[in-house]
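Engineer: Handing you this structure, nothing more for now.
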Amino acid sequence: MKFVTIRELKINGSKVIRAVEGEDAVITNRGKPAAVIVPIDEDSLEEFVIAHNPKLLREVAESYKEYKKKGGTSLDAMINKLKRRRG
């Protein structure tokens, strides 16, 4: 893991990104951690976005609680619900 100052990142952004390619980098502001740069490729972008979306994670957790409390929906019921939505 590398440490990079905000100043370095601001002045030489592309150079810093290339220098930390393949590993995490902690961005510091006045010697204190402020952010992290995490390497990512196209194949893992969608997974990263989903895993780091607080609203989506809350909705999944709420849905799971409701499922545990009430049970699931049958396939036939879901198909009928979707048909009704289409009009």
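The values are calculated or read from the model by the stated rules, or taken from the named source; none is laboratory data. Just so it is clear, the structure is predicted and the values come from calculations on it, not from any experiment. Every residue, glycine among them, receives a Cβ derived from its backbone with ideal geometry; neighbour counts consider all protein chains shown.
Engineer: Could you list, ordered by first residue, the pairs with Cβ atoms under 6 Å in which the first is in region 1-13 and free of Cβ contacts under 8 Å to residues at least 12 places away in the same chain and the second is of a type outside the set (Phe, Trp, Tyr), at least 6 apart or interchain?
Structural biologist: Pairs found: Glu8/Val16.
Per-residue answers, yes or no, for (1) at pLDDT 90 or above; (2) under 29 Å from Thr5 (Cβ atoms):
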{"position": "Glu21", "(1), (2)": "no, yes"}
{"position": "Val26", "(1), (2)": "yes, yes"}
{"position": "Gly31", "(1), (2)": "yes, yes"}
{"position": "Asp41", "(1), (2)": "no, yes"}
{"position": "Glu59", "(1), (2)": "no, no"}
{"position": "Glu62", "(1), (2)": "no, no"}
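Engineer: Using beta carbons and a limit of 9 Å, which pairs, at least six apart or on different chains, have the first residue in region 56-81 and of a type in the set (S, T, N, Q) and the second one outside any loop (DSSP other than H, G, I, E, B) and modelled with pLDDT under 85?
Structural biologist: Thr73/Tyr67; Thr73/Lys81
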